[in-house]
Amino acid sequence: MLSFALRRTLQALGVLLAVSAAAFALFYAAPADPARAACGPRCDSGQIAAVRQSMGLDQPLLAQYTDYLVGVVAGRDVNDVDGSVIHCAAPCLGYSYRLHQPVTEALTEHLPVTLSLTAGALAVLLVLGLGTGFVSALRHGRRTDRLLSGFTLVGASVQIYFLGYLAQWALVYSTGLLPLPSYTPPGEDPAAWAGGMLLPWLVLGFVNSAVFARLSRSQLLETMNEEYVRTARGKGLGRLRAHLKYTSRGAAGPLVQLLGLEAGVLLGGAVITETVFGLNGVGRFAAQAVSGQDLPAVVGAVLLAACFVVLFVALADLAVAWLDPRIRLD
Amino acid sequence: MKSPESQGGRPVNAEPVLSVRDLTVEFADPRGGAPVTAVRGLSFDLAAGEVLGLVGESGSGKSTVGLALLGLHDPRTTAVTGSIRLDGTELVGAGESVLRGVRGGRAALVFQDALTSLSPFHGVGAQLAEMYRLHHPEAGRAEARRRAAAMLDRVGIPAARLRDYPHQFSGGMRQRVMIAMALMNDPKLLVADEPTTALDARVQRQVLDLLGELQREHGTAVLLVSHDLGVVAGTTDRTLVLRDGAEVESAPTGELLAAPRRPYTRALVGAALRLDSVPGSALPTVDDPSPTRKFAPRPTAAGRPGHPERLGRTGRTGRTGRTGRTGRWLVEVEELSVHFPGRRRLPSLRAEPVRAVEGVSLRIAPGETLGLVGESGSGKSTTSRVLAGLQRPTGGRVRYDGQDATRPDRELRRWLSREIQLVFQDPYASLNPRRTVAQTLDTPLRLHTPLGPAQRRERAAELLEQVGLPAGHLDRYPHEFSGGQRQRIGIARALAPEPRLIIADEPVSALDVSVQAQVLNLLMELRERLGVAFLFVSHDLAVVRHFCDRVAVMHRGRLVESTDRERLFEAPHTEYTRELLAAAH
């Protein structure tokens, strides 16, 4: 366990280092000039040079990168475009010259929206995906199975921006069944929070549940024929109880792995969903940063997303080992 | 585990615990064809305390009977008709709630492989306790755990291991857990489906003895399903022989084995190898109950020829390059050791390696058959893998035909991969299901002979006929053959490059008794005709005694004894070999 945690942490650090380096390098390979973007359209070449210097963009790339890494660990002082010094506390993910704000602070503002969206969407995904998978497996080859398979196929093939607008039109504008999607902090008004997020949860959860339903169906079908399930039936357990207690346990491994990955990816920001429903989460923040050539914000968002994926994949591995005593974590 | 009162025939006025009449089981064809009948009109009675052996080969329907007795078939795909009365309750057509009470309560099951039959996710104590609580809903958790501990103790497992998981036990211990679980609720009927088939001979004996003890203590009626007449002989009162789902004959076990009435039973009894059959003789099979073919006597240690005549191979495939500089020995293994890296506890600590093979020395003369015997985990398969070039040794020397066979040399490996061929245990897993027989046989010919496509096909047909299959079957796929036929294809594939050594790892242990006899006959015939040397890896002493010239015994990675067949079986040197032999009887 100790060696597992140690190895995983080192591995995570390696991944994050590689991701940040790649994001850094990629951005510099792009033709656009971040100093010009930060300075604004009316700057002359002298002003741009001054901005470049205050942003530290005249330094060698490697030096900029090490400065950045030091900031992540210990925090650092950064210069704004106008030359004023701002302290950026650890973990400092740089300073956004477009927003005139440390990136960590900006991300923290957007994170609650993404957290809410992800949590609800995962709940919908679990219920829909596992539910249809379990029922399909139990009714394998019969009409219910075919019907549910068709249902999940719709989910897998439809695009979020299409389904999102369709659902919004049908449930919000035409009938008024649901309030317009919006984010209210759950601390302020839980009912408004749930009501405003319900439609995004359903759409994002449904679209992502298709893979989950298919995987759980095939996993369960495979595990149903395991001999320990037959033994459980031979002990006098009913069919459903045997499947719930033994088959599900045997089928869980890959599903937990997929769930962990899914959670990590969604927490990194659901760009399309957030855009469709006008939610100001991490995904939208990242999209705007990219189009605004806001280098520090882009790298910060990318690192945050990578962090979530690494963390949740490790958590999934822990959960799988807890579910199956034959797996040892070292 | 014969019950004392039934020694002189059946108990007189005992009402049978189980009464089966005209039992028929049909499986629906998933593609809508005619249903497959697995059991046809089977009738038998089983009295309290009686042990009935249900014997048949694979596909005979014996396991289907066992499952039907507990109503475990899926009613949507399986039609069960006739009558099964257990302790006065009719089970055919009974509702789920009745059946749930019977399963695990009045009737319990023990399956072949305890590793896959016990849940890997739950501790053994919890699995036993669940069995109790399902049928005693009023009992609390503490009571169930107490009973589970007591039952484990009864089968010889300390209660301290209650929280351990099945994978933490040895094979024999796991089967004890399985038996303990089956007897938790003191059932009237115990169905044991091949309960010891997956175990080594010594452990098999211990588990059967335990089963017998418990059966006598509890007065349980036992249906012992097995393909192994040896197991049935020592443990059952009566035996029923099943073929194609129907009864062939049924009689008290001693009588049936001594004087089988039906030809099929006679063939089955004759085909089963015992430790008193004549080594190297042609074995009777179901098709040929009294074989007339005689094999030439095997060379003895003193008069072993240096290089037997090899028929039909001179120049025909144009062997080039290294030709045999055969001396006295074809294979010489000296002080071979194979270690596997052990599991590390912490990153800093050095891991203790697993010593799979340690200081093993073996020799095989040209044309000789060496049996390599040992229980599972003894290192016999690892040793054979080194010879086959599939495993790099940690230490020691391996010489083939006078040359260092472990040298990393492409030319040498290529030559060895032609000289040494393999036959595997599982004829289902060792053939590629997507390749026809012709394609399977073509690969070694293409790699190791200069023959053109047409010649290769001709040669493949020849090989197929050599192993007793019609050449017309060349374009069939493996699934179109039975297990025995597939093993013949595997042998044909091994013969294709005309090897001088064939490593056969348990080649007949996955086969039915009668098929086993056929394949052994084939191997003996090929050995005589082609003069191939064999390394024959097996846990089955009866087979080894019949087929091998010399025998090497391995135990925990070391060579315990290596000697001529007669000497090993008549005067074993070591205590371990004596134990092995005792368990096989």
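The values are calculated or read from the model by the stated rules, or taken from the named source; none is laboratory data. For clarity, every value in this text was computed on a predicted model and none was experimentally measured. Cβ atoms come from the backbone with ideal geometry, glycine included; neighbour counts cover every protein chain shown.
Remarks
- Qualifying residue in region A:101-109 (condition: under 30 Å from residue A:68 (Cβ atoms), among the small types (Gly, Ala, Ser) and not in a helix (DSSP H, G or I)): no
- Top-ranked residue of region B:30-53 - restricted to ones that are closer than 24 Å to residue A:229 by Cβ and in contact with a strand residue (DSSP E or B) (Cβ under 8 Å, 6 or more places away or on another chain), ranked as surrounded by the fewest Cβ atoms within 10 Å (Cβ to Cβ): B:36
- Within region B:90-105, being of a type in the set (D, E, K, R) and either surrounded by 22 or more Cβ atoms within 10 Å (Cβ to Cβ) or facing chain A (nearest Cβ under 9 Å) (or both) holds for B:96, B:100, B:103.
- Per the listing A:261, A:266, A:255, the residue uniquely closer than 30 Å to residue B:127 by Cβ, at pLDDT 90 or above, assigned to a helix (DSSP H, G or I) and more than 14 Å from chain B (Cβ to nearest Cβ) is A:255.
- Complete set of residues in region B:406-422 that are outside any helix (DSSP H, G or I), within 32 Å of the chain's Cα centre (by Cα) and farther than 20 Å from residue B:372 by Cα: B:406
- The condition (being without any contact (Cβ under 8 Å) to a residue 40 or more places away in the chain and out of contact with any Leu (no Cβ under 9 Å at 6 or more places or on another chain)) is satisfied by just one residue among A:271, A:265: A:271.
- Qualifying strands (runs of 3 or more DSSP E) (wholly inside region B:470-585; at least 2 residues being touching a residue at least 40 places away in the same chain (Cβ under 8 Å) and among the aromatic types (Phe, Trp, Tyr)): B:533-538
- Some residue of region B:143-161 being within 23 Å of residue A:326 (Cα to Cα), within 12 Å of chain A (Cβ to nearest Cβ) and assigned to a helix (DSSP H, G or I): no
- Any hit, region A:223-232, residues being more than 24 Å from residue A:148 (Cβ to Cβ) and touching a Lys or Arg at 6+ places or on another chain (Cβ under 9 Å): yes
- Checking each residue in region A:228-246 for being of a type in the set (A, V, I, L, M, F, W, C) and within 8 Å of chain B (Cβ to nearest Cβ) picks out A:232, A:237.
- Sole residue being surrounded by fewer than 23 Cβ atoms within 10 Å (Cβ to Cβ), in a loop (DSSP other than H, G, I, E, B) and among the hydrophobic types (A, V, I, L, M, F, W, C), chosen from B:233, B:198: B:198
Yes/no per residue for (1) within 14 Å of chain B (Cβ to nearest Cβ); (2) in contact with a Cys (Cβ under 8 Å, 6 or more places away or on another chain):
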residue: A:2; (1), (2): yes, no
residue: A:20; (1), (2): no, no
residue: A:66; (1), (2): no, no
residue: A:69; (1), (2): no, no
residue: A:79; (1), (2): no, no
residue: A:86; (1), (2): no, no
residue: A:95; (1), (2): no, yes
residue: A:98; (1), (2): no, no
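- All of (1) assigned to a helix (DSSP H, G or I); (2) within 19 Å of residue A:122 (Cα to Cα); (3) not aromatic (Phe, Trp, Tyr) hold for residue A:279 with one exception: (1).
- Conditions (1) at the interface with chain A (Cβ under 10 Å from one of its Cβ atoms); (2) modelled with pLDDT of 90 or more; number of the one not met by residue B:115: (2)
Matching residues to (1) buried (at least 20 other Cβ atoms within 10 Å of the Cβ); (2) within 23 Å of residue B:365 (Cβ to Cβ):
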site	(1), (2)
B:533	yes, yes
B:559	yes, yes
B:570	no, yes
B:573	no, yes
B:577	yes, yes
B:580	yes, no
B:583	no, no
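- Scan of region A:297-330 for residues that are more than 14 Å from chain B (Cβ to nearest Cβ) and of a type in the set (Asp, Glu), ordered by number: A:317
- Scanning region A:167-186 for residues that are in a helix (DSSP H, G or I) and out of contact with any helix residue (DSSP H, G or I) (no Cβ under 9 Å at 6 or more places or on another chain) yields A:169, A:170, A:173, A:174.
- Filter pass, residue B:181 being in contact with a Gly (Cβ under 9 Å, 6 or more places away or on another chain), under 23 Å from residue B:101 (Cα atoms) and hydrophobic (A, V, I, L, M, F, W, C): yes
- Every pair of residues 6+ apart whose Cβ atoms lie under 6 Å, when the first sits in region B:289-300 and is at pLDDT 75 or above while the second is not in a loop (DSSP other than H, G, I, E, B): B:295/B:524; B:295/B:528; B:296/B:528
- Selection from region A:230-259 of residues that are farther than 21 Å from residue B:109 by Cα, surrounded by fewer than 18 Cβ atoms within 10 Å (Cβ to Cβ) and out of contact with any Leu (no Cβ under 8 Å at 6 or more places or on another chain): A:244, A:257
- Test: residue in region A:211-227 that is among the charged types (D, E, K, R), touching a helix residue (DSSP H, G or I) at 6+ places or on another chain (Cβ under 7 Å), modelled with pLDDT of 90 or more and more than 30 Å from residue B:110 (Cβ to Cβ): yes
- Counting only residues that are touching a Phe, Trp or Tyr at 6+ places or on another chain (Cβ under 9 Å) and either of a type in the set (Phe, Trp, Tyr) or farther than 27 Å from residue B:209 by Cβ (or both), region B:146-167 holds 1 of them.
- Residue that is farthest from residue B:36 (Cα to Cα) [pool: residues in region B:106-128 that are crowded, with 18+ Cβ neighbours inside 10 Å and hydroxyl-bearing (Ser, Thr, Tyr)]: B:119
- Within region B:430-459, being of a type in the set (Val, Ile, Thr), outside any loop (DSSP other than H, G, I, E, B) and in contact with a helix residue (DSSP H, G or I) (Cβ under 7 Å, 6 or more places away or on another chain) holds for B:437, B:440.
- Checked against (1) part of a helix (DSSP H, G or I); (2) out of contact with any Lys or Arg (no Cβ under 8 Å at 6 or more places or on another chain); (3) of a type outside the set (Val, Ile, Thr), residue B:181 passes all but condition (2).
- All conditions but one from (1) surrounded by 16 or more Cβ atoms within 10 Å (Cβ to Cβ); (2) closer than 19 Å to residue B:532 by Cα; (3) out of contact with any helix residue (DSSP H, G or I) (no Cβ under 7 Å at 6 or more places or on another chain); (4) not aliphatic (A, V, I, L, M) apply to residue B:462; the one that does not is (1).
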